[in-house]
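Here is the structure we will look at.
The values are calculated or read from the model by the stated rules, or taken from the named source; none is laboratory data. As the structure is a prediction and not an experimental result, all values here were calculated from the model. We place every Cβ from the backbone using ideal geometry, glycine too, and count neighbours over all the protein chains shown. Accessible surface is based on the protein model in full, side chains and every heavy atom, while ligands, DNA and RNA are left aside. Shrake-Rupley method; radii C 1.70, N 1.55, O 1.52, S 1.80 Å.
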Amino acid sequence: MSYKKNDDGLDRMTVFQECISEFNASPINPRKSRTLLSRLLYIVTTGAPFPRDESTQLFFSITKLFQHKNPALRQMVYLAIKELADDADDVIMVTSSIMRDATGNDVFYRSNAIRTLCRIIDASTIQSIERLIKASIVDKNPATSSAALVGSYHLLPVSRDFVRRWANETQDTVVANKPYPAALLIGRENTSSFGYGSGIAAFQTQFHALGLLYEMRSHDRVALLKIIQQFNGKLHSPYANILLIRFASRVLAEDPNVRKPMHKLILSFLNHANDAVSLESARAILAIRNATPQEVEPAISSLQLLLGSHRPAFRFAAIRALNRYAMSHPEAVQICNPDIQERISDPSRTVATYAITTLLKTGNNDSVDHLMSQISNFMLDIPDEFKVVVVEAVRSLAVKFPSKQQDVLHFLADILQSDGGVSFKQAVVSAIFDLVRFVPQAKAEALSQLCEYIEDCEYPFLAARILHFLGVEGPSTEDPLKYVRYIYNRILLENAVTRAAAVTALGKFLLVDKTGSVKTLLERTLDDSSDEVRDRAAIILRIATIPNKKIVADFIEPEQNYSLGALEQELVRYVTASDFEKPFDFSVVPTFTKEQENAEMLQAMQKATKSVDEDITQGASAAEKEQETASAISEKLAAIEEIRELGRVLHTSSAVELTERETEYVVTGYKHIFEKHIVLQYDVSNTLPDTILADVTAMVTPSEELNEEFVVALPELKPNSEGTIYVAFERPEDLFVSFETVLKFESKEIDPSTGEVGEGYLDQYEIESLELSVGDYLIPAFNGNFDHTWDELGNEASATYALEVPTIEDGVQALLKLLSIQAIGGTDHVTEPASHTLKGFARTLEGGSIAVVARFVHSAARGVSVKLVARGEDEMLTQLVCEVFE
Amino acid sequence: MSIWRRLYNWLVSLLWSSETNVVVIGLQNAGKSTLLASLQGSDFSPDTIPTVGFAVQTIVKNKVTIKCWDLGGQPRFRSLWERYCRGADAIVFVVDSADSDLLPTVKSELHALCSQESLEHIPLLVVANKQDLQPHATTVDEMIEKLDLLSIRERDIVCYAVSAKTLQNLDSVIEWLVARAHHT
Ligand SMILES: Nc1nc2c(ncn2[C@@H]2O[C@H](COP(=O)(O)OP(=O)(O)OP(=O)(O)O)[C@@H](O)[C@H]2O)c(=O)[nH]1
Ligand SMILES: [Mg+2]
């Protein structure tokens, strides 16, 4: 059988047609049908789904296979129906047929049937399977019971209320302790040699039932607490125990009142006979915010033990947990260094890579030397993505231990010459860039290394980046002309892209060159074969002749650069507005000086090295996500005509929760400030499974008289869906206005059994008011020269507050969010629990500055207190910043 | 048994065994599922669950295997009847004779189905079910008239008075079905 043609669509069509004709034939050939189904499954699971009408046709022809009782065929039919359930219409058609298998005597039919049933049922038919599911959950056979429990997870989105009806059966199953009958374990890996004792597959239902119970109650913290207390000590399945630890960990994080008992519970699992359970316990302890060193210590020792496990998965999990903890608390992990050291020669390269990055974090000035020499050998035989991880870790070393810059540079230069793919080379080059930017002693040598590298760099775009960088950094070194030769060589030897970059880079040396040789070299490129290269050379040469030296310098070495993201956004806005009478207004695009840019980069780098781990394992970082939501919000805003007419958004607040998270309607608010207006945004989510809301609008009453400009209401809000309402006002003179809000709508119930929509009635729902605060008038901004700015700014105000937060870290986060300021120089990272100084900077909507220095102190007797000092040009605003906690 | 004997038996079975595909439709509560159960020899049960979608039942009678596609009669399934009738050897349309109020609906559904091009020439058996519920049950003659069965042409069509409860006339139904079978 060949699937090769899957990509070009040919095989898809053949399989489709073969299925249709074979399944509608009479009589049916079960073997052939089964083979065809497996091909079909391959196609739908690896490629795009079939279009809806084709899926529906396939689905109906598959239903014809129910006439055959061959168990192997039936199994495949179930798999195929599950796969097509979301793409075909009228899948409900198979309900009765499946019900027959699900209630029949054959165990193999039964569990497959139940799983499939749960995928095709909808809100109108869920009622008809209630009895079946309840009975199956408490069935003696664990396969049946598990199928019903796992199937119920899929029913939750259909109707949470309905699934809750079998809470009692689920609860009974948690404690029923059904071991898997030996007959069903045949063919599985011998369970005891797998290391879980008889535990892994046995008592599986317990795990499934506990998970379902959690899903049923997860919105209710009290109920969750009850689950934890009720089942603690009664669970046999290791998975179930792991779940229990996770529940406890979640409750602990959300409710400081239960910290003690939950910590005790988690700790009780630390020496569990099953390694997976004890691992989870250790991870949960490390995840406790503000855990004391005494609390953390046993968890670290337990991970240390696991580092020596003979199973690679556990060594991996242990080193990963240690590595993550070392990011914030290197000193706590140091004690394991000897064991981690041993892991560098671990047969698993993944474990070894993590071992190295952990040691780079926990190491001290002395141990780093030794480590670096070890890594060099190690680097030769790991795949590229691990090399990148190691480079990222090394990258921060030079900043941390400036005295090691020589070693770091040599290490980087060495591996730059070694084999590796483009992402690896890029990581190394970026690391060298950092050395140039942040470690002045290393600058000259690092630049030379880059010059060497471009001599035989196989990636043109990387070469272009380096050339640009040489142009930016080279002229300010002691011997700038040294770099000119390297750059000019590229013009002689490379392709057009690289030559163009080299010409621009050369141009940057014009100002420092007193000999005139740079000019001569540039003139030679005027007859280059590429337009781009000639144009660039001509422009630079022409500009250099302008008598006003200020203009020349501004062009060649601009002090300010535009923020490219903002520039792009503004240009797009300008082009879509199509009003070309007015020239594009550059003053609205924020600019950065080189120092600011570097400060930002340093911070980004510190963040990056912190989250290396997450990036690999979990994809996008939190910061990226935040960025994403921010741009999603502004796109949504711009899509609305009335709002577009208000002009540019000067500031958008962070999200404000206007309801509890567990209510029937959950509302999140945002405040958008425009030059003359303010727009309130309400994201409403209807969590009711069987109610449609129509004509949803917000009645907003401001605390001072303001003109309401317009309301963008929601015509309809379906069950379990979300929508957005906007309300616009003129911008108030007073800074602090609160907006009382009531949602109004027509509520219509849907009959769950027929799907009919009932008569509506008018209803309203009061939510928390949105309040404008000082943070709404500030835009977080970087400042590379904070201390200088601080000295320059005239007006000062100060205030002291006792905060109701458990730790300084919480206080810092709260302040950053409330004031909407940017933490400067990594001061948002709290290193000592007892005292901390946060420096923050922001721009006002008018472009002025606000600088804040906040000194936090934490004492057992008085909790967290903060002394806030603010400086700025605007006297009133500076004063108001200090009143933020009032 | 010698291998030759077995081979002989197999050849004979090939010659004589036959299969037929029958689709059973009709409004909800007409007694389709009950009728099929009775044909299979199960006991009559007064509480049944409505059929959601379809279920396949097999009846074996003297070497003839009758595959019955028992379809749900609720309005939302009616548009899907045609899909399953396509290519069938026979259509059995079950009517609740005790509920004369529904006959106009029955009539329009039946005629709509018969006018489908894809179902041309497929033999049709109209079962006037629940004859045991006297004295209100509609008779066969009344049924032919009220459903205007005479206007349906170009296909075999018969109407039997049946009771799935008392088993009245079930043998005629079986006979009719067996006669539609084709040898495989
Ligand atoms: N008295 C009597 N009751 C019958 C007879 N046949 C069916 N019933 C009853 O009629 C009701 C409906 O029967 P079903 O067989 O479920 O009806 P159906 O046509 O399959 O219905 P759907 O599956 O919803 O389309 C049940 O209560 C049966 O007991 C009959 O011949 N006599
Ligand atoms: Mg039925």
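Values computed for the structure shown
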| read-out | value |
| --- | --- |
| Förster-model FRET efficiency, 41 Å R0, B:Ser79 and A:Arg164, C-beta, rounded to 0.05 | 0.75 |
| Sequence of B:Ser18, A:Ser721 when ordered by accessible area, the most exposed leading, probe 1.4 angstrom | A:Ser721, B:Ser18 |
| Cross-link pairs A:Lys64/B:Lys61; A:Lys361/A:Lys404; A:Lys594/A:Lys636; A:Lys400/A:Lys839 - those with Cα-Cα distance over 25 Å | A:Lys594/A:Lys636 |
| Normalised contact order of region A:636-772, rounded percent, pairs of Cα under 8 Å and 6 or more residues apart | 22 |
| Shape of region A:50-171, Cα gyration tensor, a/c cut at 1.5 | oblate |
| Using alpha-carbon coordinates, inclination of helix A:481-493 to the longest axis of chain A, degrees | 60 |
| Alpha-carbon Rg with Dmax, taken over region B:52-184, Å | 14.6, 44 |
| Contact order relative to length of region A:225-329, as percent, for alpha carbon pairs under 8 angstrom and 6 or more apart | 20 |
| Alpha-carbon centroid distance for the pair region A:650-719 / region A:9-58, whole angstrom | 47 |
| Segment A:Val512-A:Ser563, extension gain: residue separation times 0.36 nm, minus the distance between their alpha carbons | 15.7 nm |
| Part-to-part distance (alpha-carbon centres) for region A:362-421 and region A:538-564, which is given in Å | 39 |
| Cα gyration tensor, region A:694-781 - rounded (a/c under 1.5), prolate or oblate | prolate |
| Residue mean of other protein chain beta carbons inside 10 Å, B:53-66 | 3 |
| Value of D in µm² per second that Stokes-Einstein yields for region A:776-882, Kirkwood Rh from Cα pairs, at 37 °C (0.692 mPa s) | 239 |
| Lysines whose Cα lies under 23 Å from that of A:Lys234, excluding same-chain neighbours fewer than 8 positions away | A:Lys134, A:Lys140, A:Lys178, A:Lys226, A:Lys260, A:Lys264 |
| Within straight-line cross-link reach of A:Lys482, lysines at Cα separation under 16 Å, skipping those fewer than 8 residues along the same chain | A:Lys443, A:Lys508, A:Lys514, A:Lys519 |
| Accessible area of the protein assembly as shown divided out per residue, in Å², using a probe of 1.4 angstrom | 49 |
| Contact surface A-B: accessible area buried, both sides summed, square angstrom, 1.4 angstrom probe | 1700 |
| Heavy-atom SASA rank of B:Trp81, B:Trp4 (probe 1.4 Å, accessible area, largest first) | B:Trp4, B:Trp81 |
| 16 Å reach of a label modelled at B:Leu102, 7 Å along Cα-to-Cβ, counting backbone N of region B:144-166 | B:147, B:162-165 |
| Other protein chain Cβ atoms within 10 Å, averaged over every residue that makes up A:484-493 | 0 |
| Computed accessible area, A:Phe316, all protein chains, 1.4 angstrom probe, square angstrom | 60 |
| Test item: B:78-86 mean partner chain Cβ contacts at 10 Å | 2 |
| Solvent-accessible surface (1.4 angstrom probe) belonging to A:Tyr214, in square angstrom, nearest 10 | 50 |
| Solvent-accessible surface (1.4 angstrom probe) belonging to A:Glu642, in square angstrom, nearest 10 | 80 |
| Peptides B:19-30, A:254-265 ordered by average Cβ neighbours within 10 Å, highest first | B:19-30, A:254-265 |
| Helix A:238-254 axis, angle to chain A major axis (alpha carbon atoms, nearest 10°) | 50 |
| Amide H partners (placed H, <5 Å) of A:Ser721, local residues excluded | A:Asn686 |
| Ranking by accessible area, most exposed first, for B:His136, A:His829 with a 1.4 Å probe | B:His136, A:His829 |
| Residue-by-residue Karplus 3J(HN,Hα) for region A:343-357, coefficients 6.51, -1.76, 1.60, Hz, glycine and proline x | 6, 4, 9, 4, x, 8, 5, 5, 4, 4, 4, 4, 4, 5, 5 |
| Pairs of alpha carbons in the protein assembly as shown whose separation is greater than 46 Å (percent) | 53 |
| Rounded Å value of the spacing that divides the Cα centres of region B:22-101 and region A:570-598 | 72 |
| Carbon plus sulfur fraction of accessible area for region A:776-882, probe 1.4 Å, in percent | 49 |
| Cα gyration tensor category, rounded, prolate or oblate, for region A:403-495 with a/c compared to 1.5 | oblate |
| Nearby lysines by direct alpha-carbon distance to B:Lys146 (threshold 27 angstrom, same-chain neighbours under 8 apart not counted) | B:Lys32, B:Lys107, B:Lys130, B:Lys165 |
| Size-normalised alpha-carbon gyration radius of region A:275-349, reference 2.2 N^0.38 Å | 1.02 |
| ³J(HN,Hα), Karplus 6.51/-1.76/1.60, whole Hz, each residue of region A:431-439, x for Gly, Pro | 5, 5, 3, 4, 4, 4, 6, 10, 10 |
| Hypothetical label at A:Ser448: residues of region A:455-475 whose amide nitrogen lies under 19 Å (7 Å Cα-Cβ projection) | A:455-456, A:467, A:470-471, A:473-475 |
| Positive minus negative residues near A:Ile491 (Lys, Arg vs Asp, Glu; Cβ under 9 Å) | +1 |
| Backbone HN-Hα couplings from phi across region B:161-169 [Karplus 6.51/-1.76/1.60, Hz, Gly and Pro as x] | 8, 9, 9, 6, 7, 8, 6, 4, 6 |
| Cα long-axis angle, helix A:221-231 against chain A (0 to 90 degrees, to the nearest 10) | 60 |
| Dipole magnitude of the protein assembly as shown about its Cα centre (Cβ charges: Lys, Arg +1; Asp, Glu -1), debye to nearest 20 | 4980 |
